Amino acid sequence: MRAVSPARRYPETGVFYRALDREFPLVVRGEGCWLIDDKGRRYLDACGGAYVANLGHGESAVADAVAEQVRKIAYVNGTAFTNEPVEALAEELRTLSPKGLDFSYFLSSGSEAVEAALKLARQYQVESGKPGKHKIIARAPGYHGNTLLALSASAREHYKKFYGPWLVPVTMIPAPYGYRCEPDSPAMTGDALEEAILKEGPETVAAFIAEPVGGSSTGGSVPPPSYFKRVKAICDKYGVLLIADEVLTGAGRTGKWAAMEHFGVAPDIMTMGKGLSGGYVPLSAVITSKKIIEPIAKGSGAFKHAQTFSHSPVICAAGLAAVRHIKKHNLVERSAQMGAVLHRKLASLAELPSVGDIRGLGLLAGIEFVSDKKTKSPFPRQMRFAETFAAAAQEAGLIVWPSVGHADGADGDLVMVAPPFVITEGEIDQIASRFKTALDKTLEACHVHR
């Protein structure tokens, strides 16, 4: 066997890494909110990987459930059979999801779920006798995934740069981004959606997709309380389906099982992923109502979407164990309680240099960096402030999620904090203290005057 180089970076090993310009530490295990590498160094995982590890690392209940299912039956063809875990998980989600969202279609990633949800919206419109409804409306800033239709509906120009000729046109409206929008602007009231529908022609618009609370694209921006009631009324008025992308915000992240619960609105279609399995397997879901499924059931008889590992027993067994663990240990309630602690502790960071805004809901927080607090001017993109901060934070033993481009499509730097629900107050204190250390290093590295 070929010896593996201790330099775990391209091109020293056979791994096609997510980044080709850096070396990666080798994580060998996790415990709660902590990651441990092969040298014994501990990292406080303040973003749960990619907003995934809701339960914390090393939870044996999920690992045992997966192992048991693999021994029973690892895979069955979803077009020929059903299985025990998929049936049980669907029943659990029926009790947890917003009213009327009773049916779950299981996949393996958030991008897949969004892709499927958009296709479902289109098929519903066609089988309801409205074939002219094909357009999608989404928001900028916004992100919904990296498959081609999901990417088309995302306002991430740096992700779309190479693939423009393959993407489809999607109408964008401004997101309710409170730090950079006036309170009575159409972006904040929802009126921007009605304006877009009327401009495109209501008879052509199939669906509107939005994250209930902004993910990394707007750094945890929370819309006004009335926003989604207005949006749902507009969608219903013009026969447009409302798709709530809860891949990041769902499964308790904001202190409710679904973030839409904060706004008292049930969408037509909801996507989930990331924390749905606690990160123990790749699992996502498209969740919808009988109203949406019935025209398809009476028409073509099947959703025209197929993926090999949809409805797979192993991934559903992991999801079932994760959901039951969340319920047994009241982790959604804990997310709300510890979220209040997190935001109280992070508020002290607002006085630091270059910290423009801190926002979020539950155990989801965004911290936006600016070059000028008064004008809210972003740093120039070539400075790579967010990336420099994330690297400095990792060196300080803190893992955060950087995001860029939200201010104007190119400039803008922020980091996200979204720890496991099992985080303690002492660990939150460590997030704040290590954040300060990383910011000092970043300001020095970027030559920013204090």
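The values are calculated or read from the model by the stated rules, or taken from the named source; none is laboratory data. This one's a predicted model, so the numbers in the text were calculated from it and none came from an experiment. Note that each Cβ is placed from the backbone with ideal geometry, even for glycine, and that neighbours are counted across all protein chains shown.
Things worth noting here:
- The helices (runs of 4 or more DSSP H) located wholly in segment 40-101 that include 3 or more residues which are within 20 Å of the chain's Cα centre (by Cα), on the phi > 0 side of the Ramachandran plot and assigned by TED's automatic domain parsing to the domain that holds VAL417 occupy 48-51.
- Cβ-Cβ distances below 6 Å connect the following pairs, each with a first residue in segment 113-132 that is in the same structural domain as ILE292 (by TED's automatic domain parsing) and under 24 Å from LEU151 (Cβ atoms), a second residue that is surrounded by 20 or more Cβ atoms within 10 Å (Cβ to Cβ) and among the basic types (Lys, Arg), and a separation of six or more residues or different chains: GLN125/LYS133.
- Options PHE369, PHE309: the member that is assigned by TED's automatic domain parsing to the domain that holds ALA432 and among the aromatic types (Phe, Trp, Tyr): PHE369
- Count - residues of segment 156-185 that are closer than 22 Å to ILE367 by Cα and in a helix (DSSP H, G or I): 3
- Within segment 338-372, restricting attention to residues that are without any contact (Cβ under 8 Å) to a residue 12 or more places away in the chain and not aliphatic (A, V, I, L, M), the residue that is farthest from MET416 (Cα to Cα) is ASP372.
- Within this structure, ARG22 fails the test of being more than 24 Å from the chain's Cα centre (by Cα), assigned to a helix (DSSP H, G or I) and either farther than 27 Å from ILE287 by Cα or hydroxyl-bearing (Ser, Thr, Tyr) (or both).
- Qualifying residue in segment 277-288 (condition: in a loop (DSSP other than H, G, I, E, B), hydrophobic (A, V, I, L, M, F, W, C), within 21 Å of GLY215 (Cα to Cα) and at pLDDT 95 or above): yes
- Residue list for segment 1-33, restricted to those being touching a Leu at 6+ places or on another chain (Cβ under 6 Å) and either modelled with pLDDT under 95 or of a type in the set (Phe, Trp, Tyr) (or both): TYR10
- Taking the listed residues ALA391, ALA438, ALA386, the one that is surrounded by fewer than 22 Cβ atoms within 10 Å (Cβ to Cβ) and not in a strand (DSSP E or B) is ALA391, with no other qualifying.
- The listed residue being surrounded by fewer than 20 Cβ atoms within 10 Å (Cβ to Cβ) and in contact with a Phe, Trp or Tyr (Cβ under 7 Å, 6 or more places away or on another chain), out of SER377, SER371, SER348: SER371
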